[in-house]
Structures are given as structure tokens and as C-alpha cells.
Amino acid sequence: MHDYDLIVIGAGSGNMLFTDEMTRMRTAIVEPDRFGGTCLNRGCIPSKMLVVAADAALAVEESARLGVHARLERVDWPAIRARVFGRIDPLHEQSVAYRRASGVDVFTEPARFIGPRQIQVGDRAITGEQIVVASGSRPAIPAIPGLDGVEFHTSDTIMRIAEVPRSMAVIGGGFIAAEMGHVFAAFGSAVSIVQRGPRLLMAEDEAVSQRFTDQAARRFDLHLDTVVTSVERSATGVAVTVTGPAGPAVLDVEVLLVAAGRQPNTDLLDATAAGLALDAHGHLVTDETYRTNVAGVWSLGDATNHFQLKHMANAEMRVLTHNLIHPEALRRLPTGLAPHAVFSHPQIAGVGLTEAQAVEQGIDHVVAVRPYSDTAYGWALEDTESFVKLVADPTTRLLLGAHIIGPQAATLLQPLLQGMMLGLTVDQLGREVLYVHPALTEVVEQALLEL
């Protein structure tokens, strides 16, 4: 007999698996860090709280173009940081207490597999009839000469630094670089970004990526097609030696942020000791119902998928909750779509195929691009650079992809995503739906009507 009917490893989205239908089950959760996982403690939620403050600071700086002449007196970083983590930090103990009160055993030491459906937690070995691996991911640290000899930050630590640095170098050109670069530049840091590719946010549609890069170049010291060859301590803080199209250069900065991707935490679990199959990137291999190759072991979130998106992990959690209780009627996610947003300045959001992917896959398609400046609200914003780009199938008239750069991008994506998930044609979305005038959603309407 197993010690537990269900063991969950990881208290991010995994902590949401427990339902009233499980009250008679013997259940346990293992979390050696903080309940809430990456998103709550050091990811999407605190970063967006900082982004809101950064947006406010930048709005003051940019208000003159609207005829409003204002001055940013100062940025009170300790107060901003306290507002963010004063709300977040108490939630861990509250969550632990709640989970224990609900009848779930809580283990706060690291877990590792010692056999199929058997894990070691501290000095205790426990077994589970079913085990869910929701152990998340962590920042990947690249092999850069000298990096182990200097102080550097990742997304885990940068939001809790003591003060806003005068200068910062960011290694990487993805969403963390875009968001944290925006935050600290808005608060007064001189930000340098080192990106080995030709543009920032290379995973976006090329037109969006290029437009964002062009705008970022006006705020940041960009080093594109550039690699970091070494780092070392300096009187300022860290000297970052880079090599790019202009040859070698040294960036002497107070703070170094490494934002070079993430890796799943499966290696910390000794997953192979349980016979669990891993892909080339270290993710657990599952089927569409989130079953691994080992009977009774399931996985969700960053431990198994490549999305690194909280809303995708939450959607998987809802499916897996059902599957744990109803193995005779297994469910799958209703769509393969994975929408995303980057809360930088400007905002970016996207879902589905990019134009380049449609071309590469030989998919017949049509494209519509509509600038914000074609709408009344775009006039109000004095926006001349933002746009909506849609990719559609000319035969079925279904949307294949939607890509937006500009204010409210994440919100503007939602009606397009809903249309794609519900199988609506671009004609239904554009001609059979009312769009409030003069709201910014009219740019979505106009792009649809152009297809």
C-alpha cells in the first residue's frame, strides 16, 4: 500500500490541483521553496507590479508630446519594492497553513525520485499511488568565463535589489530583458542589452521584433549580433567584455543581469531514477493528457512544456485535475494555441503562426497590418509606431496568427484569441461583432476587415 493516494511536487500551479473531490484521499505536497512558485514570488506578478510603476514614470517623461509639461521628481525604489513584496511575501505562510488545514501533508524539504512512484523527502522515503511533477524551472546560467567570480543577478533576484543601479548590463534579448530593461531604464538606470541575434524578441513575428528593436534602440544601449566573451570584477561593479560587428568592447556597469533563458528543474529531482523519459531540453515527456511514460506519474507546467507561461500551466492543471479523478474519461487541452504577452514598453502580444512560419511551412495565407494611427484612439495617443498584424487562411477564412505591438496589446489580443479558439472566421469577427467607438479595439476591427 502506498503512503499517499496523491503526491504533488511543486506548489506553483501544482498547489491548485487539490479539489473538494479529493478530500477523502491521502494527499501530500512537496515544496522546498515558496508556495506560489515562480509566477507569484519572482516572476510574472511582481514584475508586472514593477512594470506598472515604470509605465507611470515613463508617462511623465513622455507627457510633453501631449502638451502636458511635467517633471519626474524621484523614484522611491524602497517604497515601490515594499509595495510589491509587502503584498506577496505573506502569502507563502498563509498558503502553507491553508493547505495543512485542508488535510494535505506539506513537506518543505527537496524531493528526489528513488524509484517509480517513490521519492525521498529529507530523511523520509514516501510513495504515491499517483505523483504529479509540477516542479517548474529556473534561470539557465550560461558558461561565460569569469561569471562564477562576479556578483550577478537573474530574474529570481533582480527585483529585490537594494537600490536602482546607475548602470546595468543584460545578457539576453528575450522577454525578461525587455521587461526588466524597461523597468530599470524608466527608474533611471543606463541599460545595455547584449543579444547574440540581430533583433530583440526573436520569437515574435519579424515585423514586431524589428519594430520593438528599433524603439528599444532609442532607450537602451543595444549590442546586437554580439556575444559575451568574459566578465570580471571592476571598480564600478562588473566589466563585461563583448564581441560584435564593431569588434570587442567592454561594458563597465554596476549590475549584471543574466537573462539567457530557463531550464526545467527535473535534474534536481533525479527523474531518471524513476525511469521517467526526458526530452533533449530536460523536460519530462508526457502525452496530451499529461501522463508520463511511468504509470501513475503525471506532469504539468515548466517541468514538461516549453511555453514557460503561467496561464498554460493553469490550463494544464485544470485538465490534469479532472484526469486524476476521472481516469476513465481523460481530457486534453481544447487547443494547441499558446498566447503570450510581453509587458515591456511598448507591450507585445501574440498567438499562432507568424508570417515567416506560414511561409516556411508552405501554408497559403494572407496578411493584414493595421497601424494604431488609423484609429481615433490612436490619434489620442499620438501613436505612430504601433500596429496589429493578422495572418489568415484565404480559403477557410480562419485566423492563423495574431501579433500586436503597442499599448494594451495583451488586452487587444483577447478577442482574436477567442475567435481562434471558437473557430470563428475573420468575417464573423470583423463584420458580425460590434466594436465600441472610439476604443482602441477598433484597430483590431480594421485589421480584420482588411483581410
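The values are calculated or read from the model by the stated rules, or taken from the named source; none is laboratory data. Predicted model only: the values in this text are computed from it and were never measured. Quick reminder, even Gly has a Cβ in these numbers, built from the backbone with ideal geometry, and neighbours come from all protein chains shown.
Numbers at a glance
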| read-out | value |
| --- | --- |
| Check on residue 180, within 19 Å of the chain's Cα centre (by Cα) and within 24 Å of residue 243 (Cβ to Cβ) | yes |
| Every residue from the range 301-315 that is at pLDDT 95 or above and within 16 Å of residue 277 (Cβ to Cβ) | 303, 304 |
| Residue pairs meeting the criteria (Cβ under 8 Å; at least 6 apart or on separate chains; first of a type in the set (Lys, Arg), in the range 232-250; second assigned to a strand (DSSP E or B)) | 233/239 |
| Which listed residue is over 30 Å from residue 355 (Cβ atoms) and hydrophobic (A, V, I, L, M, F, W, C), from 253, 227, 208, 194 | 253 |
| In the range 12-44, the residues that are assigned to a loop (DSSP other than H, G, I, E, B) and either more than 14 Å from residue 102 (Cβ to Cβ) or in contact with a strand residue (DSSP E or B) (Cβ under 6 Å, 6 or more places away or on another chain) (or both) | 12, 17, 25, 26, 31, 32, 33, 34, 36, 43 |
| Where a residue in the range 325-345 is modelled with pLDDT under 95 and its partner, wherever it lies, is of a type in the set (Gly, Ala, Ser), with Cβ under 8 Å and at least six apart | 333/315 |
| Top-ranked residue in the range 6-25 [being over 17 Å from residue 124 (Cα atoms) and either without any contact (Cβ under 8 Å) to a residue 24 or more places away in the chain or out of contact with any helix residue (DSSP H, G or I) (no Cβ under 8 Å at 6 or more places or on another chain) (or both); ranked as surrounded by the most Cβ atoms within 10 Å (Cβ to Cβ)] | 25 |
| Which listed residue, of 95, 63, 155, is of a type in the set (Ser, Thr, Tyr) and surrounded by fewer than 15 Cβ atoms within 10 Å (Cβ to Cβ) | 63 |
| Residues of the range 87-142 satisfying the condition of being assigned to a helix (DSSP H, G or I) and either touching a helix residue (DSSP H, G or I) at 6+ places or on another chain (Cβ under 9 Å) or hydroxyl-bearing (Ser, Thr, Tyr) (or both) | 87, 88, 91, 92, 95, 98, 99 |
| Residues satisfying the stated conditions in the range 372-387, i.e. surrounded by fewer than 18 Cβ atoms within 10 Å (Cβ to Cβ) and of a type in the set (Asp, Glu) | 374, 382, 385 |
| Check on residue 60, aliphatic (A, V, I, L, M), in contact (Cβ under 8 Å) with a residue 60 or more places away in the chain and either closer than 15 Å to residue 186 by Cα or not assigned by TED's automatic domain parsing to the domain that holds residue 20 (or both) | no |
| Count of the range 424-445 residues which are in contact with a strand residue (DSSP E or B) (Cβ under 7 Å, 6 or more places away or on another chain) and either within 22 Å of residue 311 (Cβ to Cβ) or surrounded by fewer than 18 Cβ atoms within 10 Å (Cβ to Cβ) (or both) | 1 |
| Output for the range 287-307, where each listed residue is more than 27 Å from residue 204 (Cβ to Cβ) and part of a loop (DSSP other than H, G, I, E, B) | 287, 289, 290, 292, 293, 294, 295, 296 |
| Condition met for residue 195 (touching a helix residue (DSSP H, G or I) at 6+ places or on another chain (Cβ under 8 Å), of a type in the set (S, T, N, Q) and in the same structural domain as residue 305 (by TED's automatic domain parsing)) | no |
| Where a residue in the range 291-314 is surrounded by 24 or more Cβ atoms within 10 Å (Cβ to Cβ) and its partner, wherever it lies, is of a type in the set (Val, Ile, Thr) and assigned to a helix (DSSP H, G or I), with Cβ under 6 Å and at least six apart | 303/266 |
| Test result for residue 129, acidic (Asp, Glu) and loosely packed, with under 15 Cβ neighbours inside 10 Å | no |
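Yes/no matrix, rows are residues, columns are (1) of a type in the set (D, E, K, R); (2) surrounded by fewer than 14 Cβ atoms within 10 Å (Cβ to Cβ):
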| residue | (1), (2) |
| --- | --- |
| 194 | no, no |
| 201 | no, no |
| 205 | yes, no |
| 208 | no, no |
| 216 | no, no |
| 221 | yes, no |
| 226 | no, no |
| 246 | no, yes |
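Each row is one residue, and each column tells you yes or no for (1) of a type in the set (Gly, Ala, Ser); (2) over 17 Å from residue 15 (Cα atoms); (3) modelled with pLDDT under 95.
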residue	(1), (2), (3)
33	no, no, no
46	no, yes, no
53	yes, yes, no
56	yes, yes, no
75	no, yes, no
79	yes, yes, no
